[in-house]
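**Q** Below is a structure I'd like to ask you about.
Nothing in this text is a laboratory measurement; each read-out follows from the coordinates by a stated rule. For clarity, every value in this text was computed on a predicted model and none was experimentally measured. With ideal geometry, Cβ positions are generated from the backbone for all residues, glycine too; neighbour counts draw on all protein chains shown.
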Amino acid sequence: MSVEGRKRPFFTAEQVSWILVAPLLIILLFFLFLPMLTLIQVSFWDYNEWTFFPAFIFDNYVYIFTSNVTFATYWKTIQLTLWTWFFCTVIGFTVAYFLAFHVRSLTWQIALFLLCTIPFWTSNIIRMISWIPFLGRNGIANSALLEVGLIDAPLEWLLFSDFAVVLAFVHLFTLFMVVPVFNTMMRIDKSLIEAARDAGASGFRILIEVILPLAKPGIMIGSIFVVTLVMGDFITVRFMSGGQSTSVGRVISNEIALLQYPAAAANAVVLLATVTLIIAVMVRYVDIRKEL
């Protein structure tokens with residue numbers, strides 16, 4: 001049969017591609033884009049003490065960008081995020097480095113990695129609240145420090161403080177840093193490390209000039225997880241600070257409880273824009289598409 005006589009395919013390659021991605025596009029449309037558009041729309045509505053109603057005003061955004069209280073809340077949220085990111089990165093990188101380069105057996109790597117995930121088999125709320133009896137005035141930590149004579153009186157700042165909030169965040173979200181960094185380190189060609197060692201590089205130089213640059217994609221992915229989770233959290237700040245600290249997520253939660261949905265929507269839009277900006281800055285320094 002001649003080429004001209006052959007039947008043309010029912011769909012072209014481009015049409016087949018669109019058909020394959022259509023289910024994902026539909027899901028994103030109904031569960032991501034439409035809710036975001038609704039959120040933006042409600043952020044321009046007005047409200048009073050009893051209800052909220054359609055309008056087109058900028059008062060909600062004007063208050064956010066002109067209020068010193070709102071600025072202090074966002075700054076406190078960013079501070080908690082930076083401290084949590086720092087400790088999660090240090091701990092996550094150390095654990096991943098140990099598993100990838102100091103544990104030679106694949107069986108032991110898997111076993112130790114699963115051991116790290118055991119605390120995550122329970123609810124976040126349970127793991128967070130478990131710190132309260134440990135850090136309390138008469139808790140295990142203060143009792144142990146008093147017993148060995150390191151302190152003369154219980155430490156008040158262990159609980160219901162920014163320290164407790166950051167500690168709980170690090171406990172809750174460190175695994176989100178360990179997993180991508182460990183995955184990246186396992187892909188590093190061991191011959192590169194051997195070549196650096198044969199060239200006379202010390203262990204520290206190998207870590208800084210070989211392993212760390214190659215682990216950047218994993219660090220960035222873990223950073224995205226940690227930053228987005230901490231920026232949007234409100235329950236941890238509420239319980240672990242004892243009401244003495246705040247965050248944008250907690251402000252949004254309080255506004256929803258007071259039926260101030262337009263104000264909550266405006267704060268949510270600004271928070272989303274802030275997180276997006278932070279992530280955009282991070283991804284400019286590394287191509288995470290190679291990792292994905």
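**Q** How would region 171-292 be classified by its alpha-carbon gyration tensor: rounded, prolate or oblate, with rounded meaning a/c under 1.5 and the a/b versus b/c comparison settling the rest? Walk me through the numbers on the way to the answer.
**A** Values: a/c = 3.95, a/b = 2.60, b/c = 1.52.
Note, shape of region 171-292 comes out prolate.
**Q** For Arg284, Arg238, what ranking results if the residue with the fewest other Cβ atoms within 10 Å of its Cβ goes first?
**A** By the 10 Å Cβ count, ascending, the order reads Arg284, Arg238.
**Q** Further question: Quick check for me: using +1 on Lys/Arg Cβ and -1 on Asp/Glu Cβ, what's the dipole size of region 61-290 about its Cα centre, in debye to the nearest 20?
**A** Approximately 480 debye in magnitude.
**Q** Quote the charge dipole size of region 192-292 about the Cα centre in Debye, to the nearest 20; the model charges only the Cβ of Lys and Arg (+1) and of Asp and Glu (-1).
**A** 80 debye
**Q** Here are labelled values, [x] 39, 20, 18; [y] 38, 37, 17; [z] 47, 23, 17, and one is the computed semi-axes √(5λ) of the Cα gyration tensor in Å for what I pasted. Which one?
**A** Structure-derived value, by its label: [y].
**Q** Counting helices only, and only those DSSP H runs with n ≥ 4, report the 222 nm mean residue ellipticity of the chain as the sum of -39,500 (n - 2.57) divided by its residues, in deg cm²/dmol to the nearest 500.
**A** -20500 deg cm²/dmol
**Q** Just to be sure I understand the model, the point goes 7 Å from the Cα along the line to the Cβ. What's the resulting Trp121 to Leu20 distance in nm?
**A** Each label point lies 7 Å from its Cα, and together they span 3.8 nm.
**Q** Helices from the chain with mean Kyte-Doolittle at least 0.0 and a Cα length along the axis of 15 Å or more, per DSSP H: which?
**A** Passing helices, by number: 13-28, 68-101, 106-117, 162-173, 175-186, 216-232, 261-283.
**Q** Using r as the Cβ-Cβ distance of Val69 and Asp46, and R0 as 22 Å, what FRET efficiency do you calculate, to the nearest 0.05?
**A** For R0 = 22 Å, the calculated efficiency reads 0.60.
**Q** Net charge around Arg250, counting only other residues with Cβ within less than 13 Å of its Cβ (Lys, Arg = +1; Asp, Glu = -1)?
**A** After counting each charged neighbour, the total is 0.
**Q** A further question on this structure: Report the extension gain between Leu272 and Leu39 in nm, rounded to one decimal, defined as 0.36 nm multiplied by the number of residues separating them, less their alpha carbon distance. Don't skip to the end; give the middle numbers.
**A** On the way: separation 233, 0.36 × 233 = 83.88 nm, distance 1.08 nm.
Once the chain is fully extended between Leu272 and Leu39, it gains 82.8 nm.
**Q** Same structure, new question: Which of the peptides 181-192, 140-151 is most tightly packed, and how do the rest follow, judged by the mean count of other Cβ atoms within 10 Å per residue?
**A** 181-192, 140-151
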